[in-house]
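Asks: Got a structure here, written out as structure tokens. Questions coming.
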Amino acid sequence: MESYLSENFGDVKPKNSSEEALQRWRKACWLVKNHKRRFRFTANLSKRFEAEAIRRSNQEKFRVAVLVSQAALQFIHGLNLSSEYTVPEEVKAAGFEICADEVGSIVEGRDVKKLKIHGGVEGVINKLNTSVDDGIPTSEHLLNKRKEVYGVNKFTESPARGFWVFVWEALQDTTLMILAVCAFVSLVVGIIMEGWPKGAHDGIGIVASILLVVFVTATSDYRQSLQFKDLDKEKKKIIVQVTRNGCRQKLSIYDLLPGDIVHLNIGDQVPADGLFVSGFSVLINESSLTGESEPVNVSEINPFLLSGTKVQDGSCKMLVTTVGMRTQWGKLMATLSEGGDDETPLQVKLNGVATIIGKIGLFFAVVTFSVLVQGLFSRKLQEGSQWTWSGDEAMEIVEFFAIAVTIVVVAVPEGLPLAVTLSLAFAMKKMMNDKALVRHLAACETMGSATTICSDKTGTLTTNHMTVVKYYICGNVKEVNSSKVSSDLHDSALAILLESIFNNTGGEVVRNKDDKIEILGSPTETALLEFGLSFGGDFLKDRQRSKLVKVEPFNSIKKRMGVVLQLPDGGFRAHCKGASEIILSACDKVVDSSGEVVPLNEDSINHLKDIIETFAGEALRTLCLAYMDIHDAFSVGTPIPTRGYTCIGIVGIKDPVRPGVRESVAICRSAGIAVRMVTGDNINTAKAIARECGILTDGIAIEGPEFREKSVEELLDIIPKIQVMARSSPMDKHALVRHLRTTFQEVVSVTGDGTNDAPALHEADIGLAMGIAGTEVAKESADVIILDDNFSTIVTVAKWGRSVYINIQKFVQFQLTVNVVALIVNFSCACLIGNAPLTAVQLLWVNMIMDTLGALALATEPPNDELMKRPPVGRKGNFISNVMWRNILGQSIYQFVVIGFLQTRGKVAFHLNGPDSDMILNTLIFNSFVFCQVFNEISSRDMERINVFEGILKNYVFVAVLTSTVIFQIVIIEFLGTFANTSPLSLKQWFGSVLFGVLGMPIAAALKMIPVGSV
């Protein structure tokens, strides 16, 4: 079976499957009872094709608008333009001087002429009644006025599907429709022959069974859709920083309004259409709108920023001009119909299993119907009455046909692929509570097969709460023990240190709504700004002393940040900071103990390197600060110098290891998952933290530049041994992930937070983005977002992934057992004795036990710690393992023996005689068969361990399903006999039925002791 599945259904990958592969498995799945239900959670390829055509058309229109605006720029400057625009009265009355359509058309059409008519960016700011420094006022009354005039930043969404839609879809099951026709024929013939109500019992029984199946199925599907809806809401939550009422604050993008001043940084998504106000080195990736991969430089000359685009480099302030459905992104979203997520490999594989079993079931159904009809014809021939047919005989043929159709209902396990979705939806909802947001369904199941985790250090293994605890300035090493540092630094050295800290930063010191000082920025920037304030520095005063001319933001490739200041005397000064050894190599001078600048010689360089290694050996992140005076004129287009700096000093930043990380790493080791640290930090810092976490044991630590220089043969030898990679660039991380996946066939999960991590996140089997430190670009490339940035949460994701995989295996084992027994029993009885012991109504009930209810019970089992004590499945593990085949075949043989015994010796064993003996025997067979499934369901809770009762009472869903199954079975036997073709049983007969079910459990336990290997 595995080879058939691999050949026909094995092309679909967890990520980035080709359209051919997606089309191929659909064609192989020709035996489907309900297309709408079976393919509900798979990609809608036709809609995707339509969406892509619309997207291409929109991109072409947009590209033309860009070219027109660029051409217009050539002619606009220097022209005196007059405005023909009239402000609508309702806009004037609200206190604004430009309407939503007018301001929207400026950005949408990149209309330079119109922007100049309205007085440029400054004019639009005034007309929107806002301020660059203070933003918009936040009184409820004024915000409501703004919303009335300009709208809100929300996109039109397709309405949620109601419960009755799912009922309608469940009714579109081909086999149920055929059974409904059989029920109608049975009703008509029965009423004609036996009158009302006696003649209607069989037909009403089938109708009631169909409705029960439909409503249980629809309820399960509706609950799943609600879970996915909640997860979709979480995925769309994006927080941005804005200035309102003079205070910098965090705000959901859905609360943004025109006039808001938004602060954008590298990796952010532009949350609405707007205009550039101020900033440095801003590169915007507009490929989502225009299809162009080349980033666009945004500045005062080209100030247009469009919703849905990404900040690839730089930082800026942006004026929001247009929100919601008026933005370019909103209009694009309105024209696109979602194609849905790609189906997961497990869904596809189980569609393959369902197809194989469906074909076998169809064959058995046709043969069973043929044998039953042939038996009836043979009897008629013997009686010589082949030319005269009674209503009872017509009813028999209808009943035979209903049984054959019901065999197809039972045989085509429609619930198999849907059980994956049910289990994934359940796991995703629970993982959300455990601080992990799953963006793609496939990631949940793939994580269960993970063999390697490549983790960042900062914020994932460590707390990301950074403080400067040591510094080396003016030749002395000092410790920082309090918020106020007693400075014995020379005045000139202190001045240059504070100038460097407060100007060369991506952070800010602001006053919040409570008029308290708040430091904004990354944890590293926050630590440095706190350090500067502890010397008594004043952020605003230092910033105002000089003018910022150029900024080169920090990125993980250069590992440095630089700025150029214009000093009060007209000269220029460059400041840079970053990885200690990189900045030190750019220095040729140092500030000595007297505050004087002296040349660096070999001894002083070695001394500084020793300081860096000492700090790093204490698990401190080290940063070097440096400056240089630029004596020539400097322009914005000139690159910031890379050499000739004066070293101000070195700071050691403490970032403590997160509690529980060491234990989580140990859990990964016992689960056969290798943990590797990939960081941009100094190798000594990385090694110290890795040892503290238990990551660096008997492996090697290597630096990115050294890794890059290795030949392919050397990489084959060292990659399995690498436990730490320090000073790595994003491309080093990408190369490591690629080699692990392709050369070593590992299933790799990788963490990332920066824009440059996107390639590695995309390449990995499971990309894990950080929810707090991660940029929007990283989150969009990821499969799972770790909301608390904690390594322990990654281990929880792995545990849930394994739980999903094993739950599906348990359900498949259970369902295949029911399939095999139900098929063989009805087929063999039809062939041997000329009738089927299980009627259509009974088979529909069995189908519901094994399909919807079985999936609910087994596919929603929560994970346990034992899951992390077994090796991972990896890339090549068989889904239907030898263990499963052993349990399926063993349990099937036992159940077949039980039913065979009852069929041949049941009357004698239970002393059945009289006119009702056949009905009672068939009821006994049906009851015993159902209780075999009930106790087999309990045995299926664990495929290998004998103790299956551990934690059973904690799984409320399992207990509820089992209880309701037993209660409803009692009702069917004792009270619904006329509809379900059953007869009430005596206490002895009940005891016998239940005993046959119970005996299946020791049989299952004995089977688990037979060694078969795990493949």
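Asks: Hey, what do the phi angles of the stretch 261-267 turn into as Karplus ³J(HN,Hα) couplings, whole Hz, using 6.51/-1.76/1.60 and θ = phi - 60°, x for Gly and Pro?
Replies: Calculated HN-Hα couplings, in order: 9, 9, 9, 10, 10, 3, x Hz.
Asks: 5 Å is the cut-off here: which amide hydrogens, built 1.01 Å from N in the peptide plane, fall below it relative to Leu620, excluding neighbours closer than 5 in sequence?
Replies: Residues meeting the amide H criterion: none.
Asks: Can you grab the distance from the C-alpha centre of the stretch 734-795 to the C-alpha centre of the stretch 659-690, Å, no decimals?
Replies: Between the Cα centres of the stretch 734-795 and the stretch 659-690 lies a distance of 15 Å.
Asks: Let me ask something else. With each run of n ≥ 4 DSSP H residues scored as -39500 (n - 2.57), what mean residue ellipticity at 222 nm is computed for the chain after dividing by its residue count and rounding to the nearest 500 deg cm²/dmol? Don't skip to the end; give the middle numbers.
Replies: Working: 38 runs with 522 residues, N = 1015.
So the calculated ellipticity at 222 nm is -16500 deg cm²/dmol.
Asks: Would you mind getting me the FRET efficiency between Gln172 and Val897? Use the beta-carbon distance for r and R0 = 45 Å, nearest 0.05.
Replies: 0.70
Asks: Of the listed values (i) 105, 81, 64; (ii) 144, 86, 61; (iii) 121, 74, 50, grab the one calculated as Cα extents along the principal axes in Å from the structure here.
Replies: Derived directly from the coordinates: (iii).
Asks: For the stretch 627-719, what Kirkwood radius comes out of the mean inverse Cα-Cα distance, in Å?
Replies: On the way: mean 1/r = 0.0577 Å⁻¹.
Taking the inverse mean of 1/r over all distinct Cα pairs, the stretch 627-719 comes out at 17.3 Å.
Asks: Moving to a separate point now. Pull out the extension gain between Ser378 and Ala208, defined as 0.36 nm times the separation in residues minus the alpha carbon to alpha carbon distance; nm, one decimal.
Replies: 57.9 nm
Asks: Specify the angular offset, from 0 to 90 degrees and rounded to the nearest 10, of the alpha carbon long axis of helix 345-383 from the longest principal axis of the alpha carbons in the chain.
Replies: With both axes taken from Cα atoms, the answer is about 10 degrees.
Asks: Relative to the present Cα-Cα distance, how much length would full extension add between Leu953 and Asp133 at 0.36 nm per residue of separation?
Replies: So the chain would gain 289.2 nm between Leu953 and Asp133.
Asks: List the lysines whose alpha-carbon lies under 23 Å from that of Lys116, not counting same-chain residues fewer than 8 positions away?
Replies: Cα-Cα hits under 23 Å: Lys92, Lys127, Lys317.
Asks: What is the distance, in nm, between label points placed 7 Å from the Cα along the Cα-to-Cβ direction at Glu479 and at Asp592?
Replies: With each label point 7 Å from Cα toward Cβ, the separation is 2.9 nm.
Asks: Rounded to the nearest Å, what's the spacing between the alpha carbon centres of the stretch 211-246 and the stretch 937-984? Just the number, please.
Replies: 31 Å
Asks: Something else about it: I need the peptides 431-443, 907-919 ranked by packing, meaning the mean over residues of other C-beta atoms within 10 angstrom, with the highest value on top.
Replies: The peptides rank, most packed first, as 431-443, 907-919.
Asks: Just grab the label-to-label distance for Ala633 and Lys359, each label 7 Å out from Cα along the Cβ direction, in nm (one decimal).
Replies: 8.1 nm
Asks: Only residues of the stretch 222-261 count here: report those whose backbone N is under 16 Å from the spot 7 Å along Cα→Cβ of Val165, or say none.
Replies: Residues 222-233 fall inside that zone.
Asks: What's the FRET efficiency of Lys609 with Ile301 using the Cβ-Cβ distance as r and R₀ = 41 Å, to the nearest 0.05?
Replies: On the way: r = 45 Å, r/R0 = 1.09.
That gives a FRET efficiency of 0.40.
Asks: A further question follows. So how exposed is Phe975, as accessible area in Å² (1.4 Å probe, rounded to 10)?
Replies: Its accessible surface works out to 150 Å², give or take rounding.
Asks: Round to the nearest 0.05 the FRET efficiency obtained for Leu283 and Val367 when R0 = 56 Å and r is the Cβ-Cβ distance.
Replies: According to the calculation, E is roughly 0.25.
Asks: Report the full-extension gain for the segment Gln745 to Lys113: residue separation times 0.36 nm, less the Cα-Cα distance, to one decimal in nm.
Replies: Working: separation 632, 0.36 × 632 = 227.52 nm, distance 5.73 nm.
Fully extending the segment from Gln745 to Lys113 adds 221.8 nm.
Asks: Can you give me the accessible area per residue for the chain, using a 1.4 Å probe, in Å²?
Replies: Result: 42 Å² per residue.
Asks: A follow-up question, please. Once phi is turned into ³J(HN,Hα) by the Karplus curve 6.51 cos²θ - 1.76 cosθ + 1.60 with θ = phi - 60°, what whole-Hz value does each residue of the stretch 602-616 show in order, with x for glycine and proline?
Replies: Result, rounded to whole Hz: 4, 5, 5, 5, 5, 4, 5, 5, 5, 4, 4, 5, 5, 4, 5.
Asks: Placing unit charges on C-beta atoms (Lys and Arg positive, Asp and Glu negative, everything else neutral), compute the dipole magnitude of the chain about its Cα centre in debye, rounded to 20.
Replies: Here the size comes out at about 1500 debye.
Asks: Restricting to bridges with both residues inside the chain, how much of the DSSP beta-bridge set is antiparallel, in percent to the nearest 5?
Replies: If we restrict to bridges inside the chain, about 75 percent are antiparallel.
Asks: Between 0 and 90 degrees, rounded to the nearest ten: what's the tilt of helix 987-1008 against the longest Cα principal axis of the chain?
Replies: The angle comes out near 50 degrees.
Asks: Give the carbon-plus-sulfur fraction of the accessible surface of the stretch 897-1001 in %, rounded to a whole number; probe 1.4 Å, heavy atoms of protein chains only.
Replies: Of all accessible area on the stretch 897-1001, carbon and sulfur atoms account for 71 percent.
Asks: So what's the angle, to the nearest 10 degrees on a 0 to 90 scale, between helix 917-939 and the longest Cα principal axis of the chain?
Replies: That works out to roughly 20 degrees.
Asks: For the ranges 890-899, 219-228, what's the packing order if you count other beta-carbon atoms within 10 Å of each residue, average per peptide, and put the highest first? Mind dumping the intermediate values first?
Replies: On the way: 890-899: 20.2, 219-228: 17.6.
In decreasing order of mean packing, 890-899, 219-228 become 890-899, 219-228.
Asks: Using +1 at the Cβ of each Lys and Arg and -1 at the Cβ of each Asp and Glu in the stretch 731-830, identify which of Gly767, Ser781, Ile808 lies farthest towards the dipole's positive end.
Replies: Selected residue: Ile808.
Asks: Spelling out what I want: for every residue of the stretch 92-99, take phi, set θ = phi - 60°, compute 6.51 cos²θ - 1.76 cosθ + 1.60 (Karplus), and round to whole Hz; glycine and proline get x.
Replies: So the J values, rounded to whole Hz, are 4, 4, 7, x, 10, 10, 8, 8.
Asks: Follow-up. Could you name the aspartates and glutamates whose alpha carbon sits less than 19 Å from that of Lys114, not counting residues in the same chain fewer than 8 places away?
Replies: Lys114 reaches Glu84, Glu97, Asp101, Glu102, Glu122, Asp273, Glu300.
Asks: Which of the lysines could a cross-linker span from Lys359 if the Cα-Cα distance has to be under 18 Å and same-chain partners fewer than 8 positions apart are dropped?
Replies: Lys27, Lys33, Lys349
Asks: While we're here: Each label point is 7 Å from the Cα along the Cα-to-Cβ direction; what then is the distance between the points at Lys907 and Val994, in nm?
Replies: 2.8 nm
The values are calculated or read from the model by the stated rules, or taken from the named source; none is laboratory data. Quick caveat, the model's predicted, so the values are computed rather than measured. Glycine also receives a Cβ, built like all others from the backbone with ideal geometry; neighbour counts cover every protein chain displayed. To get the accessible areas, we keep the full protein, side chains included, count just its heavy atoms, and leave off ligands, DNA and RNA. Shrake-Rupley method; radii C 1.70, N 1.55, O 1.52, S 1.80 Å.
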